[in-house]
1. Could you grab me the full set of residues in region 453-505 that are part of a strand (DSSP E or B), without any contact (Cβ under 8 Å) to a residue 24 or more places away in the chain and either charged (D, E, K, R) or in contact with a His (Cβ under 6 Å, 6 or more places away or on another chain) (or both)?
2. How many residues does region 340-389 contain that are in a helix (DSSP H, G or I), in contact with a strand residue (DSSP E or B) (Cβ under 9 Å, 6 or more places away or on another chain) and either without any contact (Cβ under 8 Å) to a residue 24 or more places away in the chain or open to solvent by less than 10 Å² (accessible area, probe 1.4 Å) (or both)?
3. Take the residues in region 489-505 that are under 17 Å from ARG414 (Cβ atoms) and open to solvent by 40 Å² or more (accessible area, probe 1.4 Å), then tell me which one is farthest from the chain's Cα centre (by Cα).
4. Got a number for residues in region 12-70 being open to solvent by less than 60 Å² (accessible area, probe 1.4 Å), part of a loop (DSSP other than H, G, I, E, B) and of a type in the set (D, E, K, R)?
5. Could you grab me the full set of residues in region 198-240 that are assigned to a helix (DSSP H, G or I), of a type in the set (Phe, Trp, Tyr) and either closer than 19 Å to LEU400 by Cα or in contact (Cβ under 8 Å) with a residue 60 or more places away in the chain (or both)?
6. Among the listed residues MET287, MET336, which satisfies the condition of being touching a Pro at 6+ places or on another chain (Cβ under 8 Å) and not basic (Lys, Arg)?
7. Given the conditions (1) open to solvent by less than 20 Å² (accessible area, probe 1.4 Å); (2) at pLDDT below 95; (3) not acidic (Asp, Glu), and given that VAL456 satisfies all but one, which numbered condition is not satisfied?
8. Filter region 260-291 down to the residues that are out of contact with any Asp or Glu (no Cβ under 7 Å at 6 or more places or on another chain) and among the acidic types (Asp, Glu), then identify the one that is modelled with the lowest pLDDT.
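The values are calculated or read from the model by the stated rules, or taken from the named source; none is laboratory data. Computed from a predicted structure; not experimentally measured. Neighbour counts run over all protein chains shown; Cβ positions are idealised from the backbone, glycine included. The accessibility values were calculated without ligands, DNA or RNA, using every heavy atom of the protein model including side chains. Shrake-Rupley method; radii C 1.70, N 1.55, O 1.52, S 1.80 Å.
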Amino acid sequence: MRNSIIIIEQIRSAIGRHHSQRETLIGLGLNKIGRIVRRPDTPEIRGMVKKVRHLVRVIPPQPNEIKPLSRVRFNAFAGYSRLPATVLMFEELEWHGTNDERVIGALVEDRADEDFGWIVLGRDERLRFRAIAAGSSLESVEVARGELFAAMKAEHAKPDEEFHQGDAIGPPVDFFKALVPQERLSPLFRILEGPKYTPARGLIEAMMRFHEDADGNFVEQFQSTAFDARLWELYLFATFTELGFAVLPDLAVPDFIFASPFGSLGIEATTVNPGAAGAAPDSKEKMLAYIENYIPIRLARSLRNKLNRKKPYWELPEMKDKPFILGIQDFHAPGMMRAIISAATEYAFGVRHHFVDGKIKVERLKEHVWNDLREESGFFQFENAENVSAIIVNPQGTLLKFNRLGYLAGFGDRRIRMIRRGYRCNDANPGEPMPRFIQAVHDRSYAETWVEGMVVLHNPHALIELDPDLIPGARHEFLQADGRIMSIVPEFHPLFSETLIFPPK
C-alpha cells in the first residue's frame, strides 16, 4: 500500500559493524539503540531493513494507530457518502485512517468562516462509511488534527454496532455475489476473479457499498449482459466524485445530478453495445471509412434515443437551470473506443477537418452512410438538441483505468506490475505524428486521475452552457463559426493507451 508505514526500532549497536551497515542505519534515521522511527513501507525501505535485520526489529503497527490516506483511497471508501450540503460548506484538507481502516476521517476547513473542523466515519449496517462524529470552529489545522486523531481512536475502541445508524434498508450491496449462472457471466466480469485485476476488484468492492440500484437490475447486468455499460456508469460516478461533486440521492432519472460549490449538472450515461457490423475492415482505407461512417451511425442511434425520450430529462424539476450532459462510451467491438473521440466530434459538430499543405480545411458533413445504414450528421443542430449542454466521451474509461486507479489507491496485490503505453495529444503541431508515451503504473512517481482522457464536446447552440471550469482536467472542444474547433487541452492528455499487466510470479 502506497501510504502505509513501517515502524523500525534499533535493538543492537552498530559498533564494530561494516561501515555500509552503519550508513544504512543512518539512512533509516537510526544509529542508536532504542531509537524508533516510522518510515514509508516501500521496497527500498524494506531492502534497507533486510540489510541490517540483525540490528533492528520491525514493530507491528497497532490497529488504532493513525496513518495518512491518499485522496483517491479515501474517495474509494467514502467519497460517495458526501452530501451536497457538506461539499458546499467544507473543503477537505487531509484524510486519515486507522491502521486497520475500520475508522477513517477527514480534516476540513469551513469555506465561509475559514476555521477548521473534522469528521470521523465508520461503517453502517450496509458497510458504508458514514459520519459518526464531528468537530468544528477550531482555530488551527494543528488543533483540528489533534482532535481528529483523538476522536478516531475513541471511536475505534467502540464495537461495530455503535457505528450503525438505524436507517439502512436491506443488506449490503454486493456486485460479486452470484446472481446469474456461470455460463451467463460476462467474460470481463470473470476477469475480475483473476490475479491481474485484484486492484480493480478491490476498488469496485469499496465503491459498490454506495450504489443505489434504482432500476433493480444493476448487479445482474454487471455480472452478465451489460458489464461494460454498468462500468461506464461507475466511471462517471468516480470521476465527478474526484472533481468534488456530491450526487443528489434518491434519483433514478437522469443517472446523476451532481452538486459542487461551483455549480451543478446532470448526466445521463449511454453506451454503444455490440451489434452486427459485418466483417471487420481489412484495409486502412476501409477502416477509415468505418470510423468516419459506421461508428458515428452507432453513436447517433444511442444519442438520438436519449434526445427523443418521451419525458425529457431537462424538463424534470431537479434539472431546472442545470446543464445537461450526455456521457457516451463505445463498446460495440473490442478496442473501438479508441476511435470514439474523432467519430463523436465529427458527428456532434457535423464537421471534418483535413490537413492540406499544412493548413486545416473544413468539410461540412451532411450524413454518415455505411452500406444500407444512414444517419444525418450534426447532432447539436437537431430539434431539442439545444437542451443538451455537452457530450462527454473518454476512451480511457474502461476496466483498465479501474485497475490502474485501484493500484494507485492501494488495492490489490502489490506485486502486480503494469506498463501503460499509448499516444498523447499534440495540439502544438497539428498534422504531425502523435507523441508516444510509456509509463510504469507501479512506479511511485506514477500519477493518474479519473478525469484524465475525458473529452467534452460543448454544444454551440446550448440553452444552458456548460462552464468548462466545472470539469477541470478534461479536454474541452468548442465549434467556431468557421467550422474550426477551439480546444482547451490539459498538459497531458492521452488519446488512447493500452496497459500490459504482469501478475505476481
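1. As a first pass, look at region 453-505 and keep what is part of a strand (DSSP E or B): 455-458, 475-479, 485-488, 494-502.
The next check asks that each one be without any contact (Cβ under 8 Å) to a residue 24 or more places away in the chain; those that pass are 476, 478, 486, 488.
Correct list: PHE478, ILE488.
2. Result for region 340-389: 8.
3. LYS505
4. Residues flagged as open to solvent by less than 60 Å² (accessible area, probe 1.4 Å), part of a loop (DSSP other than H, G, I, E, B) and of a type in the set (D, E, K, R) within region 12-70 amount to 2.
5. Narrowing region 198-240 to residues assigned to a helix (DSSP H, G or I): 198-208, 218-223, 227-240.
Okay, now just the ones that are also of a type in the set (Phe, Trp, Tyr), so 218, 222, 227, 232, 235, 237, 240.
Those that are assigned to a helix (DSSP H, G or I), of a type in the set (Phe, Trp, Tyr) and either closer than 19 Å to LEU400 by Cα or in contact (Cβ under 8 Å) with a residue 60 or more places away in the chain (or both): PHE222, PHE227, TRP232, TYR235, PHE237, PHE240.
6. Residue meeting the stated conditions: MET287.
7. Among (1) open to solvent by less than 20 Å² (accessible area, probe 1.4 Å); (2) at pLDDT below 95; (3) not acidic (Asp, Glu), the lone unmet condition for VAL456 is (2).
8. So, considering only residues that are out of contact with any Asp or Glu (no Cβ under 7 Å at 6 or more places or on another chain) and among the acidic types (Asp, Glu), the one modelled with the lowest pLDDT is ASP282.
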